[in-house]
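Engineer: Right, I'll just put the structure down here and ask away after.
Every number here is computed from the coordinates shown, using simple stated rules; none is lab data. Predicted, not measured: the structure shown is a model, and the values here were computed from it. All Cβ positions, even for glycine, are placed from backbone atoms using ideal geometry, and neighbour counts span all protein chains on display.
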Amino acid sequence: MYIAGNLLIIFLAFFFIYRGYTYYEKKVGVIQLSIGTSLMAAGIVSIIELWRNIIKSKLLDKINNILFEAGIELIYKKRDIDKYDILMENLSKNLDITGYSLNAFHDSYADLLLGKVKQDKSIIVRILMVKPGSSFSTDREEIEKNQKGIYSSAVEKIKGKFRNCRNIKIKLLDHPISTMIFKIDNVMFIGPHFHEKTSKSTLTIELNKDGWMYEEYCKEFERMWADAEDI
C-alpha cells in the first residue's frame, strides 16, 4: 500500500506537470505546474524514506542475528574486567575456567574462592589448564615470549592452593586451548588466544545465557573437560 501510494503520487505529479506545461500561459497551468512539482518532490522524499527504512530493517536484522540471537552482551578490549570482582563476590553455584597459566585469576581470586567454597560446599569449581611440558604448552610460552617453564610453575601454584578442596577440581588438557572460557554462575566470558599477544591484553566477549553462543561454549568446555586428565 505504501509503494502503491507513492506510485500514485508520482503519477499525479507527472500528470499535473504535463498539464501545467500544456497550459503554462494560463493561470490554471501555473497552478497545475506548481502542484505537479510539489507532488514530485513529495514522491521523491517518500521513495528515499522507503529506501532508508528498508536499509534500516536489514541492518536491524543483522544486529538481531549478531547480538541478540548469538547472545553477545558486551565486548571488552582486555581480559582484566572490573565486573569479575562483583561476580566473584556473589558466586553461588559454579565456576568454570580455562587457561594456560591463570596467574591473574590466582592472584586476584584464589583466596576469595577458597573462602567461598569452604563456606558453601555446594559450589563446584572446575579449573582446566593445558598440560605443562606438552608441546602445546611450550609452544604457547614461545608465542607469548614467556619465560620457559612459567606454565609448569603456574600449574603447581594452582594445585598447591586448592589441593585440599574437594569441590575445586583441576584437570590438565593435552591439547591447545584456542579460546579462554570463564563462566561465573550463569555469566560467561570468552576470548581468543592471539599470536604473540599475551592473554591479559586480548579482547573479551561477555555472553548472555539465552544466546546460542553461550550453549556452544558450554559444550566446548564439557568436551575439553571430558578429554582432560585428573590431577
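Engineer: From the backbone phi of the range 82-88, what are the Karplus-calculated ³J(HN,Hα) couplings (6.51 cos²θ - 1.76 cosθ + 1.60, θ = phi - 60°) in whole Hz, Gly and Pro given as x?
Structural biologist: 4, 4, 3, 4, 5, 5, 5
Engineer: On to the next question. Cut-off is 10 Å between beta-carbons; in what order do Thr179, Thr204, Thr98 appear when sorted fewest neighbours first?
Structural biologist: Thr179, Thr204, Thr98
Engineer: Add +1 for every Lys or Arg and -1 for every Asp or Glu among the other residues with Cβ under 13 Å from the Cβ of Ser122, and state the total.
Structural biologist: That works out to +3.
Engineer: Calculate the spin-label point distance for Lys197 paired with Ile86, positioning each point 7 Å from the Cα along the beta-carbon direction, and give it in nanometres.
Structural biologist: 2.6 nm
Engineer: Sticking with this structure for a sec: Label point 7 Å out from Ile143 along Cα-to-Cβ: which residues of the range 178-195 have amide N under 12 Å?
Structural biologist: 178-180, 192-195
Engineer: Further, regarding this structure: Note down the nm distance, to one decimal, between modelled labels 7 Å out along Cα→Cβ at Asp107 and at Phe68.
Structural biologist: Here the answer is 4.2 nm between the modelled labels.
Engineer: Can you tell me which of 185-191, 83-89 comes out highest on packing, and rank the rest after it, using the mean Cβ neighbours within 10 Å?
Structural biologist: 185-191, 83-89
Engineer: Let me know the shape class of the range 91-169, please: from the alpha-carbon gyration tensor, a ≥ b ≥ c as square roots of the eigenvalues, rounded when a/c is under 1.5, otherwise prolate if a/b is greater than b/c, or oblate. Write down the numbers at each step before the final one.
Structural biologist: Details: a/c = 2.52, a/b = 2.40, b/c = 1.05.
In terms of gyration-tensor shape, prolate.
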